[in-house]
Amino acid sequence: MKVYELFTELSSENRLGILQTLDEQPMTFTNLIKEVDMNSTEASRQLSRLTEAQLIEKKGDGKYYNTLFGKLVLSSISDLNFISEKSGYFLKHDTAQIPLDLLRQIDALSSGEIITGVYNILNTYEKLGDGIKSYMWYMSDDFPRHHLPNIEKKLEEGKEIRVILLKDLPSPSMLSEKNRKKIQIKVLDEIKISVIVSDNFSMFELPGPDGKIDQNTAIFGYDDRFREWCKKLFQYYWEAKCYPCCT
């Protein structure tokens, strides 16, 4: 099957609905048409197309099942669903700074909340920052001056703070002398993406059309899947791209 042929089969809301319904559990024809709210004639036509495309199959128990191929296709659609739903955001933000393996898992951000306005973003961070219990990882093209009091407090409490900053940014001097040795800092020659990861929340910002990080639009996430995705993104830069900072 050619990719354009596959997209043709997936272009129908009815066929996609059948695949998603069967992904939850196999069903007989009678139960399926009730579940997807479709008349028998239309359902028969769509089932025939999906069967011919080898996305579903009818087994000996009289129930329809997604084939292994159908399951794989359906699992790949979630990324496209997220991208299409957030098309307004992705039209104005460049994802080139995200490694390919994470780009293929971008639907992990589907539970995220888009917050606009620098004040709203800072206010959201301040509210959530107090709830950090064990660690915070931060990457941006500027040292978080607005968050210095909270960072100092977390360092004094023994929390793990990792920061990735631009090479020429004189960041350590902004901290109190006793905390400069507690914070872990690495640097990059160029940073075009902002990420915060903590045990309480995660956040990231992408560059806009001008190539600079859009400080006016951020996506905040609060569940494990969102956090793990952001953690992997931070670790990608921390382990593979950064070099130590001379403090």
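None of the figures in this text is laboratory data; all of them are computed from the coordinates on show. All values derive from a computational prediction rather than experimental measurement. Note: ideal-geometry Cβ built from the backbone for every residue, glycine included; neighbour counts use all protein chains shown.
One table, with the values for the structure above:
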quantity: Order of Ile219, Ile83 - criterion: other Cβ atoms within 10 Å of each residue's Cβ, fewest first; calculated: Ile83, Ile219
quantity: Cα-derived Rg to Rh of the stretch 57-174, Kirkwood definition; calculated: 1.15
quantity: Projected area, mean over directions - the chain, Cα convex hull, nm²; calculated: 16.6 nm²
quantity: Centroid-to-centroid separation of the stretch 96-164 and the stretch 61-91 [C-alpha atoms, Å]; calculated: 30 Å
quantity: For the stretch 3-76, alpha-carbon Rg relative to the globular expectation (2.2 N^0.38 Å, N residues); calculated: 0.99
quantity: Neighbour-count order for Cys230, Cys242, fewest beta carbons within 10 angstrom listed first; calculated: Cys242, Cys230
